[in-house]
1. Which members of the stretch B:21-60 meet the condition of being in contact with a Ser or Thr (Cβ under 8 Å, 6 or more places away or on another chain) and more than 23 Å from A:Leu53 (Cβ to Cβ)?
2. For the stretch A:99-125, name all the residues that are more than 11 Å from chain B (Cβ to nearest Cβ), surrounded by fewer than 19 Cβ atoms within 10 Å (Cβ to Cβ) and in a loop (DSSP other than H, G, I, E, B).
3. Looking for whichever is within 14 Å of chain B (Cβ to nearest Cβ), part of a loop (DSSP other than H, G, I, E, B) and over 24 Å from B:Ile65 (Cα atoms) here; the options are A:Asn60, A:Asn15. Which one fits?
4. On the given criteria, is B:Met28 more than 12 Å from every other protein chain (Cβ to nearest Cβ), open to solvent by 10 Å² or more (accessible area, probe 1.4 Å) and under 11 Å from the mean Cα position of the chain (by Cα)?
5. Mind listing just one residue for me: the one in the stretch B:33-51 that is surrounded by fewer than 20 Cβ atoms within 10 Å (Cβ to Cβ) and within 16 Å of B:Leu92 (Cα to Cα) and, of those, farthest from the other protein chains (Cβ to nearest Cβ)?
6. If you go through the stretch A:23-59, how many residues are over 29 Å from A:Gly130 (Cα atoms) and either open to solvent by 20 Å² or more (accessible area, probe 1.4 Å) or among the β-branched types (Val, Ile, Thr) (or both)?
7. Criterion first (in contact (Cβ under 8 Å) with a residue 12 or more places away in the chain, within 13 Å of another protein chain (Cβ to nearest Cβ) and over 12 Å from the mean Cα position of the chain (by Cα)) does B:Leu10 satisfy it?
8. I'd like the residue in the stretch B:77-109 that is within 14 Å of chain A (Cβ to nearest Cβ) and outside any helix (DSSP H, G or I) and, out of all such residues, is most open to solvent (accessible area, probe 1.4 Å).
Amino acid sequence: MSDGIIRKSFVIPANDFTIAGEASSSVKKMLIQLGADPQKVKKTAISMYEAELNAVIHANGGVAEVEIDRHKVFIRIKDEGPGIPDLELAMQEGYTTAPDSIREMGFGAGMGLPNMKRYADKLEITTEVGKGTVVEITVFLTDNEKEDH
Amino acid sequence: MKVREFAGQLNMEILTGENGLEKEIKGMYICDLLSWVMSHATKGDVWITVHTHVNIVAVAVMVDIPCIIIPEGIEVEEATIKKASEEDIAILRTSKTAYQIACEAGKLL
């Protein structure tokens, strides 16, 4: 991979499940093309997909900004949704506020944030009730990067 | 085993035409919680789910699932079949239950 930075942004549309996951899917394909390690690709794809779906399900969509350089993938997903009142509670596996219609689709099992935490190397969530949420995911593409950041 | 051979051996209906039939199947995963599938399924697993909406394709793409099986003859949405074809992921359907499919697949995989 070269030393350049690839920047790309995606609009995450509100309540549109037909294209939910498109942004994550594009990023996954980009990483594969760039020759990233399959395990890192998987970590990125899963954590970003969960964040993307959360924006669709809970926040009327949002935007995803992605930066890829040779050391890492950085993903920022911003929404102007309702915010998360109790982030600690939301991070607990099994806790969900998703409506039944969403749960019937197989989403809303309360695994989104835990999956992000599990697969991202760095996860930062800034949220304000009534204003929105920003999720920042970093996945390091080289194993020795963790110590340096 | 290739998806084509697997579908033939288990006498399954192929909903996505020729798409994805040459992919390799290495194992099987059965679950209907999408986040759980993403987190626990392994690349190359064929996936049995009762969900038929278009997002099952996105989940399959995320974890490199080559093929989705819809059990018990459940109707599959047209948008899902179209998306799966675009992504080169086969969707197979059978009247059998997930358990019956797994028992038969266990002898092949």
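The values are calculated or read from the model by the stated rules, or taken from the named source; none is laboratory data. Quick caveat, the model's predicted, so the values are computed rather than measured. Cβ coordinates were reconstructed from backbone atoms using ideal geometry, including for glycine residues, and neighbour counts include every protein chain displayed. All accessible areas refer to the heavy atoms of the entire protein, side chains included, with ligands and DNA or RNA removed. Shrake-Rupley method; radii C 1.70, N 1.55, O 1.52, S 1.80 Å.
1. Of everything in the stretch B:21-60, those that are in contact with a Ser or Thr (Cβ under 8 Å, 6 or more places away or on another chain) and more than 23 Å from A:Leu53 (Cβ to Cβ) turn out to be B:Lys26, B:Gly27.
2. Once the filter is applied, which keeps residues that are more than 11 Å from chain B (Cβ to nearest Cβ), surrounded by fewer than 19 Cβ atoms within 10 Å (Cβ to Cβ) and in a loop (DSSP other than H, G, I, E, B), the stretch A:99-125 yields A:Pro99, A:Asp121.
3. Only one candidate qualifies: A:Asn15.
4. yes
5. The selected residue is B:Gly44.
6. Result for the stretch A:23-59: 15.
7. Here the answer is no, as B:Leu10 does not meet what is asked.
8. My answer is B:Glu77.
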